[in-house]
Every structure is written in structure tokens, then in C-alpha cells.
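Here is the structure we will look at, set down as C-alpha cells.
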There are 2 protein chains.
Amino acid sequence: MTDDPRWLSPRELQAWMRLEAVAELLPAALDQQLQRDADLSHYEYLVLAKLSEAPDRTLRMSGLAASTNATLPRLSHVAARLEARGYLTRVRSADDRRATLATLTEDGWRKVVATAPSHVTEVRRLVVDRLTAEQVDQLDAIALAVLGALDPDNRLEAQNPVAGA
Amino acid sequence: MTDDPRWLSPRELQAWMRLEAVAELLPAALDQQLQRDADLSHYEYLVLAKLSEAPDRTLRMSGLAASTNATLPRLSHVAARLEARGYLTRVRSADDRRATLATLTEDGWRKVVATAPSHVTEVRRLVVDRLTAEQVDQLDAIALAVLGALDPDNRLEAQNPVAGA
DNA sequence: ACCGGTTGGTTGACGCTTCAACCCCATCGA
DNA sequence: TCGATGGGGTTGAAGCGTCAACCAACCGGT
């Protein structure tokens with residue numbers, strides 16, 4: 001723990017500090033826009049968005065948690081609030097009665113539809129439109145490489161087969 | 001707000017979702033390692049690290065807040081805890097008596113020295129060592145571009161003139 | 001010298017995430 | 001059939017960040 005590691009080179013250090021800054025500032029910026037325009041946190045929006053893309057607009061809590069990179073307790077709390085606001089409903093699965101199925105309500109669907117455009121616009125403004133097409137591809141490759149360490153079980157892809165095996 | 005934006009292309013969407021995942025998972029991973037090995041949050045470590053690099057190991061609260069990408073209230077709370085743990089001290093500036101100067105104590109210095117190696121190792125494991133040299137440069141350019149939108153006043157660079165004007 | 005406006009910083013209340021404990025149900029072995 | 005094990009999910013308490021209110025001190029004008 002106290003032995004000398006390989007220190008970062010100046011280029012590595014600079015890239016790292018900038019990534020650190022982005023990782024700190026980006027979530028806050030997304031939260032702010034969504035809070036202001038839709039009274040939703042970024043994570044709440046993510047939950048609604050994932051449900052909106054699912055078959056029957058329904059997902060198991062555990063699957064929803066995995067696909068949104070969250071712990072189950074966190075999702076449970078958020079789902080409780082969203083349910084209280086009428087955006088989703090939770091029912092026990094008939095199939096496996098330990099499981100809980102979350103379903104987007106009609107109101108929830110309308111909320112997503114109403115919110116998505118401004119969110120996409122913000123994502124473009126903050127990230128996508130500031131990068132060249134090559135940089136978008138580079139970013140994809142870099143993020144994938146980093147996710148290899150951050151998400152060893154690939155829980156994200158497992159739910160969302162982008163280029164399926 | 002409800003008008004159709006330019007939607008993301010498949011490539012853009014994938015890169016975005018992966019960046020989103022990294023921004024969500026990376027801070028948590030760093031927190032975990034530091035918490036386990038040093039009983040420090042990532043942000044607390046950042047504060048101590050910045051102080052350790054400053055002249056006289058001393059910085060104004062406002063400057064420290066800017067260079068760590070945090071709000072002043074947040075820093076104030078964190079500094080109070082770090083002071084209680086004996087890692088830094090706060091005194092009113094003689095020069096401008098509204099200002100507060102935070103100084104790293106000897107204990108704080110030792111804490112940083114003891115913690116830095118394992119932190120760097122973790123940064124390498126999660127990010128730097130998973131990228132090629134080209135990708136590190138690409139990441140630097142991409143992060144810089146994004147920071148242009150996230151940090152319009154360039155508060156970060158202002159404190160830390162990398163290639164100073 | 002004084003008074004309004006502004007900057008620097010702290011404090012307290014609130015909201016969200018985390019962690020641990022807990023309950024319910026499915027599964028497996030006897 | 002019964003008991004043990006473990007997975008799925010929720011709940012409550014604790015900790016940290018945010019926001020708004022507040023105090024203190026500098027600065028400009030008069």
C-alpha cells in the first residue's frame with residue numbers, strides 16, 4: 001500500500017484530471033436541466049426511459065436496476081416516489097411471485113415523450129455536438145474499455161444486447 | 001420544449017450510453033477504493049491532494065472549491081470534517097479578512113503521501129492502463145471539448161494553468 | 001465618514017443514496 | 001411434507017450534497 005506505483009506521465013495526468021472533472025460535472029449538469037424542465041432527476045428519467053423501451057413497458061425491478069447501473073434499494077426508493085407521482089405501477093409477478101414488475105403508466109409514457117426532446121438537446125449541447133464523428137467513435141471505444149474494468153460482469157450489455165452475440 | 005430535436009444516430013447513442021455508464025460508475029468505484037484503503041471519500045482525497053500541491057500547502061476556500069469542482073457549501077462541510085480529523089486547519093486570512101485559508105497539517109500531509117500510491121494504482125487499473133497512448137490523447141481532447149460546455153468559465157484551468165497564456 | 005451593494009464563507013434543513021436488517025417466496029434435499 | 005438455503009425486494013436509519021438564509025468584511029460613491 002505504501003510502495004511506489006508507476007506514476008502518471010504528464011499527458012496521462014492531464015487526461016485523467018479532465019476525465020475526473022467531466023465525471024464530476026456531467027451528472028450535475030444533466031440533473032439540473034431535467035430538474036428544471038421536467039422536475040425529474042437524471043436517474044428518475046433513466047428509469048422511465050428504460051421502461052418506455054421495454055416490451056409492454058414493463059420490467060422486473062432487478063433487471064431495471066441492472067440496466068440503470070443502480071443498486072436495488074436505490075431503485076426501490078425511486079420507484080416508490082415515481083409510483084406516488086403516478087408515473088409507474090408495481091405489481092407482484094404471477095410467474096415468480098418474489099419478483100416485482102414495474103410498468104409505465106399512460107401518464108409516465110406522456111412524461112417521457114414530453115421530456116425526451118429537451119434531454120436529447122442537452123446531451124447534444126454538452127457532448128455530442130462538441131465532438132467530431134471520429135471523436136464519437138473514439139469515445140465509444142474508450143468508454144467500452146473503461147467499462148471493462150468498471151462493470152466486469154457486463155450487467156449493462158447483458159440487459160441491452162447492442163451488437164448481440 | 002416539445003418540438004422534435006435531432007435524434008442521436010445509433011453510433012452517437014451507443015457512445016452516449018457508455019459515457020453515461022462511465023460517469024455513473026467511475027466515481028463510485030473511486031470512492032469505494034479510497035474508503036476501503038484510507039477511510040476517505042474521493043472528494044476528501046481531492047481536497048487533501050490539492051492542498052498538498054499548493055504553496056505552503058495552503059489555499060483559500062474559494063480557490064480550493066473551484067479547483068475541485070465543488071460548491072462552497074460542500075467544501076465548507078467537508079473541510080469541517082477534515083479539520084475535526086486533524087488533516088487541515090482553517091484560519092482567517094490577514095490580508096482579506098473575509099477569506100479563510102485552509103492549510104494541510106503534518107498529519108494531513110502524511111495521509112496524502114500514504115494514500116496517493118494506491119489511488120494512482122486504482123486510476124491505472126480502471127482507466128489509464130486500459131487505453132493505448134493514442135487513446136489517452138484522444139480522451140484528453142474529448143474531455144477538454146466537453147469541459148468547454150460544462151465549465152464555461154474554465155474555473156478549473158484558471159486555477160491550474162496547464163499551458164498558461 | 002457612512003451607506004448600499006457585493007464577495008467570502010458558514011450554518012441548518014431537506015432530499016437522496018447507502019447499508020444493514022428484514023420479509024416473502026422459490027428451490028433443493030431429506 | 002418439511003426445513004434449510006438463497007434470491008428478490010422493501011424498509012428505516014445514517015451520511016453526504018444542495019439550497020436558501022445568514023453573517024462578516026471589503027469597496028464604491030457621496
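The values are calculated or read from the model by the stated rules, or taken from the named source; none is laboratory data. Fair warning: this is a prediction, and the values are worked out from it, not measured in the lab. Because the Cβ atoms are built from the backbone with ideal geometry, glycine has one as well, and the counts that use them run over all protein chains shown. These area figures cover heavy atoms from the full protein model, side chains too; ligands, DNA and RNA do not enter into them. Shrake-Rupley method; radii C 1.70, N 1.55, O 1.52, S 1.80 Å.
When segment A:28-38 is filtered for residues that are open to solvent by less than 20 Å² (accessible area, probe 1.4 Å) and either closer than 18 Å to A:THR68 by Cβ or acidic (Asp, Glu) (or both), the ones remaining, listed by number, are A:LEU30, A:LEU34, A:ALA38. Taken as a whole, segment B:73-80 holds no residue that is more than 10 Å from DNA strand D (Cβ to nearest atom), within 14 Å of chain A (Cβ to nearest Cβ) and closer than 21 Å to B:LEU26 by Cβ. In the set B:LEU19, B:LEU8, B:LEU25, which member is surrounded by 17 or more Cβ atoms within 10 Å (Cβ to Cβ), in contact with a Lys or Arg (Cβ under 9 Å, 6 or more places away or on another chain) and without any contact (Cβ under 8 Å) to a residue 60 or more places away in the chain? From the options B:LEU19, B:LEU8, B:LEU25, the qualifying one is B:LEU8. The listed residues are A:ASP129, A:ASP151, and the only one of them that is open to solvent by less than 20 Å² (accessible area, probe 1.4 Å) and over 18 Å from A:SER41 (Cβ atoms) turns out to be A:ASP151.
B:ASP137 meets all of the listed conditions (1) within 16 Å of DNA strand D (Cβ to nearest atom); (2) open to solvent by 40 Å² or more (accessible area, probe 1.4 Å); (3) of a type outside the set (S, T, N, Q) but one, namely (1).
Selection within segment B:101-117: residues that are facing chain A (nearest Cβ under 9 Å) and open to solvent by 20 Å² or more (accessible area, probe 1.4 Å). The member of this set that is nearest to DNA strand C (Cβ to nearest atom) is B:ALA114. Each residue in segment B:65-76 was checked for being within 8 Å of DNA strand C (Cβ to nearest atom) and open to solvent by less than 60 Å² (accessible area, probe 1.4 Å), and 3 of them qualify. Considering only residues of segment B:39-59 that are within 13 Å of DNA strand D (Cβ to nearest atom) and either surrounded by fewer than 19 Cβ atoms within 10 Å (Cβ to Cβ) or touching a residue at least 24 places away in the same chain (Cβ under 8 Å) (or both), which is nearest to the other protein chains (Cβ to nearest Cβ)? Ranking the qualifying residues of segment B:39-59, first place goes to B:TYR43. Among the residues of segment B:57-76, those identified as more than 16 Å from A:ALA21 (Cβ to Cβ) and touching a strand residue (DSSP E or B) at 6+ places or on another chain (Cβ under 7 Å) are B:ARG57, B:THR58, B:LEU59, B:ARG60, B:MET61.
Could you list, in sequence order, all residues of segment A:82-100 that are among the β-branched types (Val, Ile, Thr) and within 11 Å of DNA strand C (Cβ to nearest atom)? Matches in segment A:82-100: A:THR100 only. Taken over segment A:31-54, the residue count meeting the criterion of being in a helix (DSSP H, G or I) and touching an Asp or Glu at 6+ places or on another chain (Cβ under 7 Å) is 2.
Evaluate the following for B:ALA21: is it closer than 30 Å to A:VAL128 by Cβ and more than 11 Å from DNA strand D (Cβ to nearest atom)? Against the criterion (closer than 30 Å to A:VAL128 by Cβ and more than 11 Å from DNA strand D (Cβ to nearest atom)), B:ALA21 qualifies.
Residue check: is A:ARG11 within 12 Å of chain B (Cβ to nearest Cβ) and in a helix (DSSP H, G or I)?
Yes.
Screening B:ALA79 with (1) open to solvent by 10 Å² or more (accessible area, probe 1.4 Å); (2) within 11 Å of DNA strand C (Cβ to nearest atom); (3) not polar (S, T, N, Q) gives one miss only, at (1).
The rows are residues; the columns are (1) over 18 Å from the mean Cα position of the chain (by Cα); (2) not β-branched (Val, Ile, Thr).
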| position | (1), (2) |
| --- | --- |
| A:GLU44 | no, yes |
| A:VAL47 | no, no |
| A:LYS50 | no, yes |
| A:GLU53 | no, yes |
| A:LEU59 | no, yes |
| A:ALA70 | no, yes |
| A:HIS77 | no, yes |
| A:SER93 | yes, yes |
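Among the helices (runs of 4 or more DSSP H) confined to segment B:70-154, the ones with at least 1 residues that are of a type in the set (Lys, Arg) are located at B:72-84, B:106-126.
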